[in-house]
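What follows is a short report on a single structure.
The values are calculated or read from the model by the stated rules, or taken from the named source; none is laboratory data. Keep in mind it's a predicted model, so treat the numbers as computed, not measured. With ideal geometry, Cβ positions are generated from the backbone for all residues, glycine too; neighbour counts draw on all protein chains shown. Areas reflect the complete protein model, heavy atoms only, side chains present, ligands, DNA and RNA absent. Shrake-Rupley method; radii C 1.70, N 1.55, O 1.52, S 1.80 Å.
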Amino acid sequence: MNVNDSEVVVSILTREGYVHTERIAEADVILVNTCAIRDGAEQRIRGRLNEFKPYKKKKPSLLVGILGCMAERLKERLLEEERTVDLVAGPDAYRDLPKLIRTASEGQKAVNVQLSREETYAEIAPVRLDKNGVTAFVSIMRGCNNMCSYCVVPYTRGAERSRNPETILREIRGLFANGYREVTLLGQNVNSYRWEAEGTALDFPGLLEQVARFDPALRVRFSTSHPKDLSDEVLRVMAAHPNLCRAIHLPAQSGSTRMLELMNRKYSREWYLDRIAAIRRILPDCAVSTDLIAGFCTETEDDHRQTLSLMEEVEYDSAFMFKYSERPGTKAARHFADDVPDDVKTRRLSEIIALQNVLSLRNNEKTVGKTVEVLIEGVSKKSEAELFGRTSQNKVVVFPRQDFKIGEYAEVTVTGCSAATLLGADPKRIVKG
Ligand code: 5AD
Ligand code: SF4
């Protein structure tokens, strides 16, 4: 989501005559798009700011701006705490950046952290920074109304709002015309997408259907789904369209119903497992990934074991795994003690990671000997003679380059794997449409 927001920022500034560069020494303005989800993310940004100091010394007119969730969370305080910072802009204030840059260059305080109920940057075509020219993010909604007790996002990104579907489809049409073959529809909670206009309404299954129909050669992914909102209808739309990728990211956070209640996730372990059963029933070839938090407030060894057993039961294909990090202002910070000692959090997290490695490997081994469809994304980092791409299940496959090109589809036989990658052989070209 931050990558996509940075692409929106580049688009806004390009219209004003700015030119994007990745070479710090060349820059007149450095903008850092930040995350506030865990304390570690913020500490990394503070470290990064120190790296800019020598450049400011060399070029005193150089401006440094903090964008995104950390800007939203700390507001003016950032200007006081970090002498390197000249400008602060929250996630809904990017249209104001040209003015903020002018203000800062006159030596004035430049802060805009106003959140909006409407802003979706709907008509702004993001300038793609990912550069592979094959896969792109398309934002469909912003903000979050869920109020999970540990999470700072509702405070930094504001309330949920959906983007006009016409602008979404226009953006996708433009991407496809430029050779892109995969889009990932993005939102904090995509399943609550809803657009209402002139007495009609479009919900997430409806939008997904329209995007799927755009072209059989366009793959579509989406992220993130909240388990309480993942309906059978979404799964049925996926089943009806092979270009809707067989991969669902369904953050569980914990396997213990008691923890889930404290987290204000609004589902139980049983409800979550029922959603997994629905995925297995309607989309038998679908990969499932998740997010897990170790050591949330009051978590016992038994709660932790329930997370491990949930992982075993679901057999996740992959997972993002985190230690709980208390965020100021959240319900958990205000009402619950962060009482799991850090060494216990660390040990539980490492048990979760070790188990996930076993599950990832086990899942990948199941594909050995089968043929998979790959959308080619680039040349392998390890060897010029190999390409890599992803399967519909979002697994990375490395295979012989031959005369294949980036952006083409190939059918590849899986001959081996690690926990992270599939090895492929004997690629055959697939032409779609
Ligand atoms: N501490 C640790 N992990 C968190 N996440 C969100 N807030 C916190 C926090 N305070 C994780 C959740 C979420 C993912 C994006 O980040 O697992 O799904
Ligand atoms: Fe945070 Fe929960 Fe919203 Fe995800 S659904 S962004 S974890 S509040």
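At a glance:
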item: Condition met for Leu250 (closer than 12 Å to Ala319 by Cα and in contact with a Lys or Arg (Cβ under 8 Å, 6 or more places away or on another chain)); result: yes
item: Subset of region 278-309 that is among the aliphatic types (A, V, I, L, M) and farther than 15 Å from Arg236 by Cβ - its residue that is surrounded by the most Cβ atoms within 10 Å (Cβ to Cβ); result: Ile293
item: Residue in region 126-145 that is more than 30 Å from Glu182 (Cα to Cα) and either open to solvent by less than 40 Å² (accessible area, probe 1.4 Å) or within 16 Å of ligand 2 (Cβ to nearest atom) (or both) present; result: no
item: Residues of region 298-347 satisfying the condition of being under 23 Å from Ile248 (Cα atoms) and touching an Asp or Glu at 6+ places or on another chain (Cβ under 9 Å); result: Thr307, Leu308, Ala319, Phe320, Met321, Phe322, Lys323
item: Within region 173-222, tally of residues that are within 16 Å of ligand 1 (Cβ to nearest atom) and open to solvent by less than 30 Å² (accessible area, probe 1.4 Å); result: 7
item: Filtered residues of region 232-265 (kept if under 17 Å from Asp303 (Cα atoms) and open to solvent by 20 Å² or more (accessible area, probe 1.4 Å)); result: Thr257, Arg258, Glu261, Leu262, Asn264
item: Matching residues, region 133-158, being assigned to a strand (DSSP E or B) and in contact with a Phe, Trp or Tyr (Cβ under 6 Å, 6 or more places away or on another chain); result: Ala136, Met141
item: Count - residues of region 364-385 that are under 17 Å from Cys417 (Cα atoms) and in a strand (DSSP E or B); result: 4
item: Scope region 240-267; condition of a type in the set (S, T, N, Q) and away from ligand 2 (no atom under 16 Å from the Cβ); matching residues; result: Asn243, Ser256, Thr257
item: Sole exception among (1) assigned to a loop (DSSP other than H, G, I, E, B); (2) away from ligand 1 (no atom under 16 Å from the Cβ); (3) closer than 23 Å to Met141 by Cα for Val85, by number; result: (3)
item: Every residue from region 283-305 that is outside any loop (DSSP other than H, G, I, E, B) and within 16 Å of ligand 1 (Cβ to nearest atom); result: Val288, Ser289, Thr290, Asp291, Leu292, Ile293, Ala294, Asp303, His304
item: Qualifying residue in region 15-38 (condition: buried (at least 16 other Cβ atoms within 10 Å of the Cβ), assigned to a loop (DSSP other than H, G, I, E, B), within 16 Å of ligand 1 (Cβ to nearest atom) and without any contact (Cβ under 8 Å) to a residue 40 or more places away in the chain); result: yes
item: Count of residues meeting criterion [outside any loop (DSSP other than H, G, I, E, B), under 18 Å from Gly40 (Cβ atoms) and in contact (Cβ under 8 Å) with a residue 40 or more places away in the chain] in region 324-341; result: 1
item: Pick from region 146-165, criterion within 15 Å of ligand 1 (Cβ to nearest atom) and crowded, with 21+ Cβ neighbours inside 10 Å, ranking: farthest from Ala337 (Cα to Cα); result: Arg157
item: Criterion (in a helix (DSSP H, G or I) and not charged (D, E, K, R)) met by exactly one of Leu207, Leu129; result: Leu207
item: Selected residue (criterion: most open to solvent (accessible area, probe 1.4 Å)) from residues of region 1-14 that are within 16 Å of ligand 1 (Cβ to nearest atom) and assigned to a helix (DSSP H, G or I); result: Val3
item: Within region 61-83, tally of residues that are open to solvent by less than 10 Å² (accessible area, probe 1.4 Å) and under 18 Å from Asp28 (Cβ atoms); result: 5
item: Looking only at region 341-360, and only at residues there that are open to solvent by 60 Å² or more (accessible area, probe 1.4 Å) and of a type in the set (A, V, I, L, M, F, W, C), the one that is farthest from the chain's Cα centre (by Cα); result: Val358
item: First in region 215-234 and more than 14 Å from Leu273 (Cα to Cα), second anywhere and within 12 Å of ligand 2 (Cβ to nearest atom) and part of a loop (DSSP other than H, G, I, E, B), Cβ under 6 Å, 6 or more apart; result: Ser225/Leu250
item: Checklist (1) within 24 Å of the chain's Cα centre (by Cα); (2) farther than 30 Å from Val414 by Cα; (3) of a type in the set (A, V, I, L, M, F, W, C) applied to Ala319, failing item; result: (2)
item: Pairs, first in the same structural domain as Pro154 (by TED's automatic domain parsing) in region 62-82, second not in a helix (DSSP H, G or I), C-beta under 9 Å, six or more apart; result: none
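Rundown of residues vs (1) touching an Asp or Glu at 6+ places or on another chain (Cβ under 9 Å); (2) farther than 20 Å from Thr103 by Cβ, yes/no style:
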| residue | (1), (2) |
| --- | --- |
| Leu13 | no, no |
| His20 | no, yes |
| Ile24 | yes, yes |
| Ala41 | no, yes |
| Arg44 | no, yes |
| Tyr55 | no, yes |
